[in-house]
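Engineer: The structure follows.
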Amino acid sequence: MSLRTRLFIEHLLTEGENINLNEEQSHYLSNVLRCKTHKLLRVFNGKDGEWEATITGISKKHVIINLVKQLASQTNQAPLHFAFCPVKNVTPSFIVQKATELGVTEIWPITSRRTVINKINLEKLNKNAIEAAEQSERLCIPKIHPMQNLADFVKCKPFDGNLIFCYEKADPLGVQPLKSKLKQTGNCILIGSEGGFSSEEADLIKSLDYAVTVNFGRRIMRAETAGIAAISCYNTIMDNWK
């Protein structure tokens, strides 16, 4: 039987455990999917792998599941950070969704001189990340950090690798030269907002000894497109599609 329904639950997962799902998940299974007793599901918590579960009790507001067996062990995903400036015509939810689907492990909303959006709803973004992880077969949920300004972000450098600065005025850099400049893990991709970074901000980033500046050729992409392209290119270069 195909186990299409997949849920992230914040609960320790062990064989034989009975778990009461929260009200939102119970409503989804009972009233949206109209599941019945004995329906099989897949569940994960970001720590204990993925498990097969069966519904043992269900009502309109309450669902109880029993963990049957482990389907997959938890794997350690290579750290990949993504810093982006929210843009006016595309919701941060969309950016978080795509970054999650593409394997980013930590997401950093950033403000710059030209950033129009200066507030985010962290609770909503976390829900978006969970939904994207459920859909994309991920075993972990990316961590989404509170918004901070660019200067503070580069000063504290909350990642171990290089800062990949996506900058439309940079000189072209081939795949192999780029890969040779990057650490194997813990890198961070940085995308600007509408109009890109100011010249002062660009100079600040380029002055960092851990920054690697790249561009995507002749085409000037929208910020959200550049983010998706950058993460996809990085995954290809670092062989992260496995």
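The values are calculated or read from the model by the stated rules, or taken from the named source; none is laboratory data. Just so it is clear, the model here is predicted, and its values are computed rather than measured. Here Cβ is always computed from backbone atoms with ideal geometry, including for glycine, and neighbour counts include all displayed protein chains. The protein model used for the area step is the full one, side chains on, heavy atoms only, and it has no ligands, DNA or RNA in it. Shrake-Rupley method; radii C 1.70, N 1.55, O 1.52, S 1.80 Å.
Engineer: Give just the number: which of (1) open to solvent by 20 Å² or more (accessible area, probe 1.4 Å); (2) touching a strand residue (DSSP E or B) at 6+ places or on another chain (Cβ under 8 Å); (3) within 25 Å of Ile144 (Cα to Cα) does Leu182 not satisfy?
Structural biologist: Unmet condition: (1).
Engineer: If you don't mind, there's one more thing I want to ask. Which condition from (1) among the acidic types (Asp, Glu); (2) free of Cβ contacts under 8 Å to residues at least 24 places away in the same chain; (3) in a loop (DSSP other than H, G, I, E, B) is the one that Asp203 breaks?
Structural biologist: Going through the list (1) among the acidic types (Asp, Glu); (2) free of Cβ contacts under 8 Å to residues at least 24 places away in the same chain; (3) in a loop (DSSP other than H, G, I, E, B), Asp203 breaks only (3).
Engineer: I need the full set of residues from segment 5-24 which are within 23 Å of Thr100 (Cβ to Cβ) and open to solvent by less than 60 Å² (accessible area, probe 1.4 Å), in order please.
Structural biologist: Hits for segment 5-24 are Thr5, Arg6, Leu7, Phe8, Ile9, Leu13, Leu21.
Engineer: Within segment 86-103, is even one residue farther than 22 Å from Phe165 by Cβ, open to solvent by 10 Å² or more (accessible area, probe 1.4 Å), touching a residue at least 12 places away in the same chain (Cβ under 8 Å) and among the aliphatic types (A, V, I, L, M)?
Structural biologist: no
Engineer: Still on this structure, I have one more. Considering Leu190, Leu208, which residue is in a strand (DSSP E or B) and either under 23 Å from the mean Cα position of the chain (by Cα) or surrounded by fewer than 18 Cβ atoms within 10 Å (Cβ to Cβ) (or both)? Before the answer, list the steps.
Structural biologist: Values: Leu208 fails: in a strand (DSSP E or B).
Criteria check complete, one pass: Leu190.
Engineer: Moving on. Kindly evaluate Thr54 against the criterion of being modelled with pLDDT of 95 or more, over 28 Å from Val154 (Cα atoms) and among the polar types (S, T, N, Q). Walk me through how you get there before you give the answer.
Structural biologist: Details: modelled with pLDDT of 95 or more: yes; over 28 Å from Val154 (Cα atoms): yes; among the polar types (S, T, N, Q): yes.
Judged against the criteria, Thr54 is a match.
Engineer: Another question about this same structure. Mind checking which residues of segment 25-47 are hydrophobic (A, V, I, L, M, F, W, C) and either surrounded by fewer than 15 Cβ atoms within 10 Å (Cβ to Cβ) or on the phi > 0 side of the Ramachandran plot (or both)? So that I can check it myself, show each step before the final result.
Structural biologist: To start, the set of residues in segment 25-47 that are hydrophobic (A, V, I, L, M, F, W, C) comprises 29, 32-33, 35, 40-41, 43-44.
Of everything in segment 25-47, those that are hydrophobic (A, V, I, L, M, F, W, C) and either surrounded by fewer than 15 Cβ atoms within 10 Å (Cβ to Cβ) or on the phi > 0 side of the Ramachandran plot (or both) turn out to be Val32, Leu33.
Engineer: Against the conditions (1) open to solvent by less than 50 Å² (accessible area, probe 1.4 Å); (2) touching a residue at least 40 places away in the same chain (Cβ under 8 Å); (3) over 30 Å from Leu41 (Cβ atoms), where does Leu67 fall short? Just the number, please.
Structural biologist: It is condition (3) that Leu67 fails.
Engineer: What strands (runs of 3 or more DSSP E) completely inside segment 1-55 contain at least 3 residues that are more than 13 Å from Glu134 (Cβ to Cβ)? Let's see the steps before the verdict.
Structural biologist: On the way: elements: 6-8, 18-20, 40-44.
Result: 18-20.
Engineer: Continuing with this model, one more query. Here's a check for you: in segment 116-173, which residue that is without any contact (Cβ under 8 Å) to a residue 40 or more places away in the chain, of a type outside the set (Lys, Arg) and closer than 18 Å to Phe44 by Cβ is surrounded by the most Cβ atoms within 10 Å (Cβ to Cβ)?
Structural biologist: Among those that are without any contact (Cβ under 8 Å) to a residue 40 or more places away in the chain, of a type outside the set (Lys, Arg) and closer than 18 Å to Phe44 by Cβ, it is Ala129.
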